[in-house]
1. Taking the stretch 13-29 as the region of interest, how many residues are surrounded by fewer than 21 Cβ atoms within 10 Å (Cβ to Cβ) and not in a loop (DSSP other than H, G, I, E, B)?
2. Report whether or not GLU249 is open to solvent by less than 10 Å² (accessible area, probe 1.4 Å) and among the charged types (D, E, K, R).
3. Answer yes or no: is there a residue in the stretch 255-267 that is over 22 Å from GLU34 (Cβ atoms), among the acidic types (Asp, Glu) and either open to solvent by less than 50 Å² (accessible area, probe 1.4 Å) or not in a loop (DSSP other than H, G, I, E, B) (or both).
4. Suppose we keep only residues that are under 11 Å from ILE198 (Cβ atoms) and small (Gly, Ala, Ser) within the stretch 208-229. Which one would you say is nearest to the chain's Cα centre (by Cα)?
5. How about the stretch 175-192: which of its residues are touching a strand residue (DSSP E or B) at 6+ places or on another chain (Cβ under 9 Å) and among the aliphatic types (A, V, I, L, M)?
6. All but one of (1) in contact (Cβ under 8 Å) with a residue 40 or more places away in the chain; (2) open to solvent by 70 Å² or more (accessible area, probe 1.4 Å) hold for LEU150; state the number of the condition that does not hold.
7. When you look at LEU104, is it open to solvent by less than 60 Å² (accessible area, probe 1.4 Å), in contact with a Cys (Cβ under 7 Å, 6 or more places away or on another chain) and among the hydrophobic types (A, V, I, L, M, F, W, C), yes or no?
Amino acid sequence: MNNPQLDQDGRLRHLLSIEGLPKKILNQILDTAESFVGVAEREVKKVPLLRGKTVCNLFFENSTRTRTTFEIAAKRLSADVISLNVNSSSQSKGETILDTVDNLIAMHADMFVVRHSQSGAAHFIAKHVPPHIHVINAGDGRHSHPTQGLLDVFTIRKYKPDLHNLRVAIVGDILHSRVARSEIHALTSLGVPEVRVIAPKTLLPAQVEKLGVHVYHDMKAGLKDVDVVMMLRLQNERMSGAMLPSAQEYFKTYGLTQEKLRLAKPDAIVLHPGPMNRGVEIDSSVADGAQSVILPQVTYGIAVRMAVMAMLAGGQSGGTQS
């Protein structure tokens, strides 16, 4: 069966999910991103790889950080960028997703960055666009958030280059997190030998072990001797019913404090995909502490999204030439 994310020559055509992508492609994205990190330090923060191309940010669900970093990434590649908050425009007037997309294709859009509350939305759009149009999934339901997973792995690789000797703990609301799924697929595909998930039973998907992770319900046991701690936001907007006693009780048991962090290796790094709920999943002293790489994650996210767009547009070679 053909991989809908790759063209007939095995090159990236769409980025819809980490799952199913060859290790070679994942490494190519990370290596290409490495070449873009330095662009932000230049006086002129632009390269011409997407000059003359139009990138449409189609956000059917709000996300300021993701939309902004995609916008910056596209502009640094010299693309023209159109950002639409579709919920407050055509969709609210009854237009279908495909009608919205078809109208933008008629305006000669070249690439769609799609965020939607329904799982599979980006895949659905990718099935219906012509071969020269590229689709990037910027988060769909509980399913996938591939660029966030990639930027997290890129950040880990920057601080811990030997992925084959790492223990990574992902802590919190695994059940509702598309980031967790993307990250688990990326880490295991790239050869990280031990990925742990730490959460109460109510916040774990059924049969999560099938993803190749070790399950812990106790923070002390789960954080012992890990190299990387990834904290996740409690996604209250996706929860139905009382899945937790209270935010205070959650913080007491699963919030990352300095005391709990000391159970990890002394040089362990702390990540968080944002937005953070301080005092719920993470203490401010940790979020702002020496082991936190939360702000570098945001910086590297721009380089990773530049890499994905450059590869989709056929700019794999040429890196940061100006």
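The values are calculated or read from the model by the stated rules, or taken from the named source; none is laboratory data. Everything numeric here is computed off the predicted structure, so don't read it as measured data. Every residue, glycine among them, receives a Cβ derived from its backbone with ideal geometry; neighbour counts consider all protein chains shown. These accessible areas exclude ligands, DNA and RNA; they are computed on the full protein's heavy atoms, side chains included. Shrake-Rupley method; radii C 1.70, N 1.55, O 1.52, S 1.80 Å.
1. Taking the stretch 13-29 as the starting set, the residues that turn out to be surrounded by fewer than 21 Cβ atoms within 10 Å (Cβ to Cβ) are 19-20, 22-28.
In the following step, the residues that additionally are not in a loop (DSSP other than H, G, I, E, B) were identified as 23-28.
So the answer is 6.
2. Working: open to solvent by less than 10 Å² (accessible area, probe 1.4 Å): no; among the charged types (D, E, K, R): yes.
Against the criterion (open to solvent by less than 10 Å² (accessible area, probe 1.4 Å) and among the charged types (D, E, K, R)), GLU249 does not qualify.
3. Checking the stretch 255-267: at least one residue is over 22 Å from GLU34 (Cβ atoms), among the acidic types (Asp, Glu) and either open to solvent by less than 50 Å² (accessible area, probe 1.4 Å) or not in a loop (DSSP other than H, G, I, E, B) (or both).
4. The residue in question is GLY222.
5. Applying the first criterion (touching a strand residue (DSSP E or B) at 6+ places or on another chain (Cβ under 9 Å)) to the stretch 175-192 yields 177-185, 187-188, 192.
Across the stretch 175-192, the qualifying residues are VAL179, ALA180, ILE184, LEU187, VAL192.
6. Unmet for LEU150, out of (1) in contact (Cβ under 8 Å) with a residue 40 or more places away in the chain; (2) open to solvent by 70 Å² or more (accessible area, probe 1.4 Å): (2).
7. Numbers: open to solvent by less than 60 Å² (accessible area, probe 1.4 Å): yes; in contact with a Cys (Cβ under 7 Å, 6 or more places away or on another chain): yes; among the hydrophobic types (A, V, I, L, M, F, W, C): yes.
When the stated conditions are applied, LEU104 passes them.
Here is a yes/no grid of residues against (1) among the β-branched types (Val, Ile, Thr); (2) at pLDDT below 95; (3) open to solvent by 40 Å² or more (accessible area, probe 1.4 Å):
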{"position": "THR54", "(1), (2), (3)": "yes, no, no"}
{"position": "ASN62", "(1), (2), (3)": "no, yes, yes"}
{"position": "ALA79", "(1), (2), (3)": "no, no, no"}
{"position": "VAL113", "(1), (2), (3)": "yes, no, no"}
